[in-house]
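The values are calculated or read from the model by the stated rules, or taken from the named source; none is laboratory data. Being a predicted model, the structure only gives us computed values, none of them experimental. Note that each Cβ is placed from the backbone with ideal geometry, even for glycine, and that neighbours are counted across all protein chains shown. Surface accessibility is based on the protein's heavy atoms, side chains included, excluding ligands, DNA and RNA. Shrake-Rupley method; radii C 1.70, N 1.55, O 1.52, S 1.80 Å.
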Amino acid sequence: MVSIIVKEKCRVLWEKLHDDYIPHPTRQKWTQLAETFQEVCQFPNYVGAVDGKHVRIIKPQGTGSEFYNNNIFFSIILMAIADAEYKFVAVDIMAYGRNNDSMVFKNSFMGRSLYNTNFDFPPPQPLPGTQAPPLPFVLVGDEAFQMCGNLLKPYTGRGLDLKRHTFNYHLTRARRMVECTFGLLVAKWRVFTKPIHMKIETGGKICRCVT
């Protein structure tokens, strides 16, 4: 009975409040995020950091290895974009734990919008203080993500030259925003420190919460 009440309350809270606290990002919102990131991280044309977090769960009955991840526990994946103030800009919840971050992101509403250039980013503009050709606004992620015109990830390999090493330093500094946001989430909501019980709907489907 308690689990039913909690589930219903969470559903109502999401329906009533997500437009106020995690609204669909607009071009104006992306522009504001880029200005804040430039001030905080000194990384121009940067609108958000994307990453996935495995939320530990108790294995639902009849699900086989769907939720079993490479870290050797059962989980669902919280995929999120965070801003420079440690707030979530967009989220996709409840992907199977066995999937990798790149696959989850590409199959999410966020990823499809990004790779199809439908995220309503501001038009490309020159980097601050330069007359160089306009460059696109971007998200940043780690090596697991598939790079595209609006998503950057670090250079890989050893023996990088100074320019690439410096680029990786600034990108990693910017990407840490989403990791810190996940850390604050866990610190605030201690339920994420232990396995969460889930109930799978008829047919083995799980709910997906998307913005």
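Given the conditions (1) of a type outside the set (Val, Ile, Thr); (2) touching a Phe, Trp or Tyr at 6+ places or on another chain (Cβ under 8 Å); (3) modelled with pLDDT of 90 or more; (4) over 19 Å from residue 124 (Cα atoms), which single one is not true for residue 27?
(4)
Considering every residue within the stretch 135-142, establish whether at least one is assigned to a strand (DSSP E or B) and touching a helix residue (DSSP H, G or I) at 6+ places or on another chain (Cβ under 8 Å). Break it down into steps so the answer makes sense when it comes.
Quick first cut of the stretch 135-142, residues assigned to a strand (DSSP E or B) only: 135, 138-140.
Applying the additional criterion that residues be touching a helix residue (DSSP H, G or I) at 6+ places or on another chain (Cβ under 8 Å) yields 139-140.
Scanning the stretch 135-142, I find at least one residue that is assigned to a strand (DSSP E or B) and touching a helix residue (DSSP H, G or I) at 6+ places or on another chain (Cβ under 8 Å), so the answer is yes.
Which numbered condition in (1) in a helix (DSSP H, G or I); (2) buried (at least 18 other Cβ atoms within 10 Å of the Cβ); (3) of a type outside the set (Asp, Glu) is the only one that residue 172 fails?
Checking residue 172 against (1) in a helix (DSSP H, G or I); (2) buried (at least 18 other Cβ atoms within 10 Å of the Cβ); (3) of a type outside the set (Asp, Glu), the one that fails is (2).
Evaluate the stretch 146-158: report whether one residue or more is touching a Leu at 6+ places or on another chain (Cβ under 7 Å) and not in a strand (DSSP E or B).
Checked the stretch 146-158: at least one residue is touching a Leu at 6+ places or on another chain (Cβ under 7 Å) and not in a strand (DSSP E or B).
Has the stretch 77-96 got at least one residue that is over 18 Å from residue 179 (Cβ atoms), out of contact with any Phe, Trp or Tyr (no Cβ under 8 Å at 6 or more places or on another chain) and either open to solvent by less than 10 Å² (accessible area, probe 1.4 Å) or touching a residue at least 12 places away in the same chain (Cβ under 8 Å) (or both)?
yes
From the list 46, 21, pick out the single residue that is open to solvent by less than 10 Å² (accessible area, probe 1.4 Å) and either touching a residue at least 60 places away in the same chain (Cβ under 8 Å) or not small (Gly, Ala, Ser) (or both).
Criteria check complete, one pass: 46.
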